[in-house]
C-alpha cells in the first residue's frame, strides 16, 4: 500500500470535520480519477449536477457523504432507505425505550434491520419518463388488440351479410322468373271462370331443390352421417386423408352455410353409426366402429372397448347419461357415460340369432298410455326386428334405477337394412328392406308399435329365459301398418332411410336412396304416395345415407365421395 493511501485505522479516526475539507479527503485519489473522467460544463450546470450528486451520495441524517468502510459506511433498512451506519445506529438508539423508526418514511426499524451494502458508488437514475412511456406503450397495444378483434368481428359479420344478400338475390330472381312464366301462360281473363281461391303453381306440398354438392373425400369410404341442429352441424364419417394418421373419423360441415369445417380423427376401422342425443344440447356425439370401440366425442372425451365390432348406437332419450351399443355378435350393451369402465347391462336380442345389430331406436316410456306404457329399445338385426321392453326397478343401495330388458320379436320379415323412428310420434318407426326373390323391390314399411295388454308374459328378463320359454311367452307387442312404400329393384349397398316431419307442410315424410332413380325418393307416409325424386350430382354413385335437419327444411344425401344438400321451397301461390 502506498504512503498516500490511508489505513483502516486512520479512516476510523477521521472526524466529521475532515470530510468538510475536500483537499484532505481520505479518498483523494479516487476523486481525482473521477474528476479526470468528468466533462467540463458551464458553471451553472456544474453547480446543479454537483448538488444533485451530493444529495444522492450523502447521508440524510448528517448530510455528509457515506463511505465504503469504517463507521459511516453505507447501509440500509428494511424499507430500503440508505444512511451512514453510525448515524442511523445513533438515531435508532436515541429513541429508546421506544421503538426505533426510519428517519425518512417513519417505518419501524431496529439495529438488527441494518444491512451493509458492498458497493463502490450509488447513483439513482430518473426513469419516470421511461416508465410512463412503457405504460403508454402497453395501453396502446391493448387498444390495438381490441380494435383488431372488433375489425375481425366486423369482417365476419360483413361476410355473413353478403352471403345472406346473395341468397336473397337468388331467391328474388327465381321468384321473378316463376311469376313472369305464370303471367305468360295465363289465359285471357274472359275465358277463366270466376274464382277467388288461390291456385298452386306446381305442387301442393313444395319441393326440395339442390343447394350445393360438397366433395367430402376423393378416396371415398363415406358411410354414415347425422345432424345437430342446435349448432347447425352435419357430421359425416370418412377415411383419413393424412397418410401419417390412417384410419377413419368425422368431417364437420356447417349445415346452414354448406361449407366444410374440419376433420376429427376417431377410429382405426370404418365407422358404422353416429348419434347425437336428440334432446340434450351437450354436443356429444357417439360413434360406433368395427374396431371394437364406442367413442364419445365432445365437438374425444371417453371411449369404451368391446370384444366385438360395434355396428350401431343410440341414446336412451330423454336420459342424458345412458347409451346403447349394438355389436356384431348379436348382443346389446347399455352404458352409463358417467362410468364407462363397465356396462350397466348386457343382453341378447335372440338366443338363436348371432346376426349383427345394425340399427337401434329408443322409445321412451309413457305412463299415460294404458296399452303401451313401457319404454324400450327397437333393435334390428339383418334377419329380424325385436322390441326390448324396459323395466325399471329401484333399489335401496343405488340412487339410479336398475334397467332390465326382455325381447319381443316383431312380425316383420325380410332382409333388414335400416331402422328409423319419429321422436314426436311415439311408437311410429320405419323399417327398410332390400329386394328379395319373393318381393323384388326395395320396401319401406312405416309401422306403429302397439302393446297387446294381457298378452304380455310375466316380467322376467329375456336373458334369464330358456328358448322354450321364449317361444311360449307369445308376442307382447305387435305392429300396425301405416304405409308400405316401394322403391327400385336394386340396392348396390346397404342404404339407410329416414322418417321425419316436415315443419312447413306438417307432413310425415320418408326419404331413402334409390339406385334406379340415380339419387333418392321422397314419400308422403300419410297418403303412401311418392312426391319427389332427387338426383345427386353423380348419378352413378349410390346414396348410402340420408339425413333431414333444420326441422325437415333441409336434406343431405351422402355418397361415398360427397354430400348433396337440398333445401325445401314452399309452393308459389298464384291468384286466380
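The values are calculated or read from the model by the stated rules, or taken from the named source; none is laboratory data. Keep in mind that this is a model prediction, so the values were computed, not measured. All Cβ positions, glycine included, derive from the backbone under ideal geometry; neighbour counts span all protein chains shown.
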Just to check your reading of the model, which residue among 283, 275 is under 17 Å from the mean Cα position of the chain (by Cα), at pLDDT 90 or above and closer than 17 Å to residue 233 by Cα? 275
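Let's see how each residue does on (1) modelled with pLDDT under 90; (2) in a strand (DSSP E or B); (3) buried (at least 18 other Cβ atoms within 10 Å of the Cβ):
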| site | (1), (2), (3) |
| --- | --- |
| 386 | no, yes, yes |
| 399 | yes, no, no |
| 441 | no, no, no |
| 449 | no, yes, yes |
Please indicate, with yes or no, whether at least one residue in the stretch 521-538 is in contact with a helix residue (DSSP H, G or I) (Cβ under 9 Å, 6 or more places away or on another chain) and either crowded, with 18+ Cβ neighbours inside 10 Å or within 18 Å of residue 422 (Cβ to Cβ) (or both). no
Could you check, for the stretch 67-75, whether at least one of its residues is at pLDDT below 90 and loosely packed, with under 12 Cβ neighbours inside 10 Å? no
Sort out which residues of the stretch 495-520 are more than 21 Å from residue 424 (Cα to Cα) and surrounded by fewer than 18 Cβ atoms within 10 Å (Cβ to Cβ), and write them in order of number. 516
Anything in the stretch 236-261 that is under 19 Å from the mean Cα position of the chain (by Cα) and not in a strand (DSSP E or B)? List them, or say none. 255, 256, 257, 258
With the condition kept exactly as written, say whether any residue in the stretch 312-335 is in a loop (DSSP other than H, G, I, E, B), in contact with a helix residue (DSSP H, G or I) (Cβ under 9 Å, 6 or more places away or on another chain) and surrounded by fewer than 22 Cβ atoms within 10 Å (Cβ to Cβ). no
For the stretch 74-82, indicate whether the set of residues that are outside the structural domain of residue 254 (by TED's automatic domain parsing) and at positive phi is non-empty. yes
Scanning the stretch 107-116 residue by residue, those within 59 Å of the chain's Cα centre (by Cα) and part of a loop (DSSP other than H, G, I, E, B) turn out to be 107
Which one of these is assigned to a loop (DSSP other than H, G, I, E, B) and under 20 Å from residue 496 (Cα atoms): 272, 223? 223
Please count how many residues of the stretch 451-462 are surrounded by 12 or more Cβ atoms within 10 Å (Cβ to Cβ) and at pLDDT below 80. 7
Look through 566, 549 and report the one residue that is in contact with a helix residue (DSSP H, G or I) (Cβ under 8 Å, 6 or more places away or on another chain) and buried (at least 20 other Cβ atoms within 10 Å of the Cβ). 549
Would it be correct to say that residue 344 is under 19 Å from residue 288 (Cβ atoms), modelled with pLDDT of 85 or more and surrounded by fewer than 20 Cβ atoms within 10 Å (Cβ to Cβ)? yes
Please specify each residue of the stretch 62-97 satisfying the condition of being in a loop (DSSP other than H, G, I, E, B), closer than 16 Å to residue 122 by Cβ and touching a strand residue (DSSP E or B) at 6+ places or on another chain (Cβ under 8 Å). 64, 66, 68, 72, 77
Is there a residue being modelled with pLDDT of 85 or more, assigned to a strand (DSSP E or B), closer than 30 Å to residue 81 by Cα and in the same structural domain as residue 68 (by TED's automatic domain parsing) anywhere in the stretch 118-125? no
Can you report the number of residues in the stretch 363-382 which are surrounded by 13 or more Cβ atoms within 10 Å (Cβ to Cβ) and in a loop (DSSP other than H, G, I, E, B)? 8
